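Novice: Supplied in structure tokens, the structure appears directly below.
The values are calculated or read from the model by the stated rules, or taken from the named source; none is laboratory data. Please read all numbers here as calculations on a predicted model, not as lab measurements. Cβ sites come from the backbone with ideal geometry, for glycine too, and all protein chains shown count toward neighbours. Note: accessible area is taken over every heavy atom of the protein model, side chains too, but ligands, DNA and RNA are not part of it. Shrake-Rupley method; radii C 1.70, N 1.55, O 1.52, S 1.80 Å.
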Amino acid sequence: MTGRTAATATPAATPGDVAARATAGFRQRYGGQPAGRWAAPGRVNLIGEHTDYNDGFVLPFALPLRTVVAAAARDDERWTVWSELSADPVEFGPAEADEPGQVTGWAGYVAGVVWTLRAAGYAVPGARLAVASDVPVGSGLSSSAAVEAAVLAALVELGGLDLPADRWPRLAQRAENDYVGAPTGIMDQSAVIRGRAGHALFLDCRTEVVEQIPFDLDTAGLAVLVVDSRAPHRHADGEYAARRASCEEAARVLGVPALRDVAVADLDAALRKLSDGETRRRVRHVVTENQRVLDVVELLRTGRVRDTGPLLTASHASMRDDFEITVPEVDTAVDAALAAGAYGARMTGGGFGGCVLALVDADRAPAVADAVTAAYAERGFAAPGILTVRPAAGAARLD
Ligand code: GAF
């Protein structure tokens with residue numbers, strides 16, 4: 001369930017709407033009925049930012065906002081894909097699918113999935129696909145991973161491919177890294193594929209071992225607010241790649257396979273080996289963030305959900321001051337939420353805009369949302385979008 005707080009104007013779409021839109025799109029573009037509909041959600045990350053590509057720990061959860069793909073196999077080796085984001089369908093065949101980057105824009109994520117499956121040796125069925133989505137694009141809620149996962153689920157089933165779901169995140173990540181060309185880690189694909197309702201997904205990004213950590217907000221009388229900062233993604237791609245390169249270079253200098261191998265207890269000694277201040281700050285963020293994930297997991301295991309708040313806020317300070325990936329809009333949302341009584345608040349996702357999450361008492365959610373909206377108005381920022389969310393299920397066939 002997703003609810004919009006009093007501070008927002010647009011009513012939330014019901015989960016059934018998006019599936020109906022995908023089916024209607026399929027009928028209208030292709031005629032006839034789809035063979036099935038497959039859904040995958042967006043995600044937020046409770047904590048563990050820029051730790052995934054450092055072989056570290058993350059704790060995301062899947063959102064109730066979903067992308068739905070209505071699809072049917074076709075007899076030839078061609079893929080036609082329509083999305084409600086664009087007027088005309090895009091069609092491609094093996095030549096474009098086998099050459100990374102040939103299909104661009106949103107359809108590139110679909111072609112990337114076809115590419116990753118074919119590159120792994122699977123006989124991917126040709127298909128007609130219609131995509132509808134409630135996951136906002138460009139808000140840092142992993143709309144691209146949602147498309148990848150829903151398309152993957154559809155093609156695996158339409159083709160009867162022998163491919164267990166625990167292998168999907170790595171394949172979807174490859175689509176994004178090697179076909180689309182975005183050097184992301186494995187968090188988003190894991191969250192949207194392996195997420196479970198009522199749980200946060202504790203993922204060790206080195207081993208891909210997951211543990212479902214109960215995250216029952218209702219019983220605790222809590223809510224998670226997700227604030228879309230509406231900040232434009234300024235240079236996000238280049239800055240993300242620069243952070244990743246800086247972390248990898250630091251690991252090389254420190255003589256470890258990845259920054260995950262630097263424990264908090266060894267941080268000071270590690271920092272002394274690094275000559276420039278910026279790299280030291282990057283390393284300090286990653287090492288302390290990994291520890292914060294472990295600490296939050298420990299608190300959740302013992303039911304101390306409220307006590308996670310200060311760790312969420314410390315994560316934000318680390319992203320702001322050490323990793324330097326926040327922008328005034330997200331800092332304003334965090335500060336306003338905390339001043340209005342949130343237990344903790346932080347930017348979630350890759351940074352340079354995107355969303356903020358805040359942990360609040362459920363009955364305070366409207367007041368905190370109003371406070372954030374008022375702080376935005378005072379600073380002259382475009383009004384934020386605000387949702388309350390609960391952990392939802394990962395990718396699945398709908399019917
Ligand atoms: C983006 C990436 F896609 C993830 O892999 C992760 O690195 C995240 O930014 C930052 O934690 O969402």
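Novice: Is at least one residue of the range 157-169 under 14 Å from the mean Cα position of the chain (by Cα) and either assigned to a helix (DSSP H, G or I) or within 16 Å of the ligand (Cβ to nearest atom) (or both)?
Specialist: Yes - at least one qualifying residue is present in the range 157-169.
Novice: Right, next: Going through the range 23-51 one residue at a time, which ones are surrounded by 24 or more Cβ atoms within 10 Å (Cβ to Cβ) and either of a type in the set (Gly, Ala, Ser) or in a helix (DSSP H, G or I) (or both)?
Specialist: Answer for the range 23-51, where residues must be surrounded by 24 or more Cβ atoms within 10 Å (Cβ to Cβ) and either of a type in the set (Gly, Ala, Ser) or in a helix (DSSP H, G or I) (or both): 26, 39, 40, 42, 48.
Novice: Restricting to the range 342-376, name every residue that is more than 22 Å from the chain's Cα centre (by Cα), surrounded by 23 or more Cβ atoms within 10 Å (Cβ to Cβ) and part of a strand (DSSP E or B).
Specialist: Correct list: empty.
Novice: Right, here's the next one. In the range 136-150, how many residues are crowded, with 24+ Cβ neighbours inside 10 Å, aliphatic (A, V, I, L, M) and outside any helix (DSSP H, G or I)?
Specialist: 1
Novice: Please name all residue pairs, on different chains or six or more residues apart, with Cβ atoms under 7 Å, provided the first residue is in the range 164-185 and is hydroxyl-bearing (Ser, Thr, Tyr) and the second residue is away from the ligand (no atom under 11 Å from the Cβ) and in a helix (DSSP H, G or I).
Specialist: Here the result reads 179/108; 179/111; 179/112; 179/115; 179/116, each pair linking the range 164-185 to a residue that is away from the ligand (no atom under 11 Å from the Cβ) and in a helix (DSSP H, G or I).
Novice: Can you pull out every residue in the range 52-80 that is within 16 Å of the ligand (Cβ to nearest atom), outside any strand (DSSP E or B) and at negative phi?
Specialist: 52, 53, 54, 56, 59
Novice: How many of the residues in the range 301-341 are part of a loop (DSSP other than H, G, I, E, B) and closer than 25 Å to residue 212 by Cβ?
Specialist: Qualifying residue count, the range 301-341: 4.
Novice: Here are 137, 114: which of them is among the β-branched types (Val, Ile, Thr) and modelled with pLDDT of 95 or more?
Specialist: On inspection, the qualifying residue turns out to be 114.
Novice: Suppose we filter 95, 123, 119 for residues that are without any contact (Cβ under 8 Å) to a residue 24 or more places away in the chain, out of contact with any strand residue (DSSP E or B) (no Cβ under 6 Å at 6 or more places or on another chain), among the small types (Gly, Ala, Ser) and open to solvent by 40 Å² or more (accessible area, probe 1.4 Å); which single one remains?
Specialist: Testing whether each residue is without any contact (Cβ under 8 Å) to a residue 24 or more places away in the chain, out of contact with any strand residue (DSSP E or B) (no Cβ under 6 Å at 6 or more places or on another chain), among the small types (Gly, Ala, Ser) and open to solvent by 40 Å² or more (accessible area, probe 1.4 Å) leaves just 95.
Novice: Something else: Are there any pairs with C-beta distances below 6 angstrom linking a residue in the range 332-359 that is more than 25 Å from residue 218 (Cβ to Cβ) to a residue that is aromatic (Phe, Trp, Tyr), with the two at least 6 apart or on different chains, and if so which?
Specialist: Listed by first residue and then by second, the contacts come to 350/240.
Novice: Taking the condition of being surrounded by 14 or more Cβ atoms within 10 Å (Cβ to Cβ), in a strand (DSSP E or B) and not hydrophobic (A, V, I, L, M, F, W, C), how many residues in the range 201-226 meet it?
Specialist: So the count comes out to 3.
Novice: Further question: Can you tell which of 111, 182 is touching a helix residue (DSSP H, G or I) at 6+ places or on another chain (Cβ under 6 Å), open to solvent by less than 10 Å² (accessible area, probe 1.4 Å) and either away from the ligand (no atom under 14 Å from the Cβ) or in a loop (DSSP other than H, G, I, E, B) (or both)?
Specialist: Testing whether each residue is touching a helix residue (DSSP H, G or I) at 6+ places or on another chain (Cβ under 6 Å), open to solvent by less than 10 Å² (accessible area, probe 1.4 Å) and either away from the ligand (no atom under 14 Å from the Cβ) or in a loop (DSSP other than H, G, I, E, B) (or both) leaves just 111.
Novice: Please name all residue pairs, on different chains or six or more residues apart, with Cβ atoms under 7 Å, provided the first residue is in the range 270-282 and is without any contact (Cβ under 8 Å) to a residue 24 or more places away in the chain and at negative phi and the second residue is crowded, with 18+ Cβ neighbours inside 10 Å and of a type in the set (A, V, I, L, M).
Specialist: Correct list of pairs: 270/254; 270/262; 270/283; 271/283; 273/254; 280/271; 280/274.
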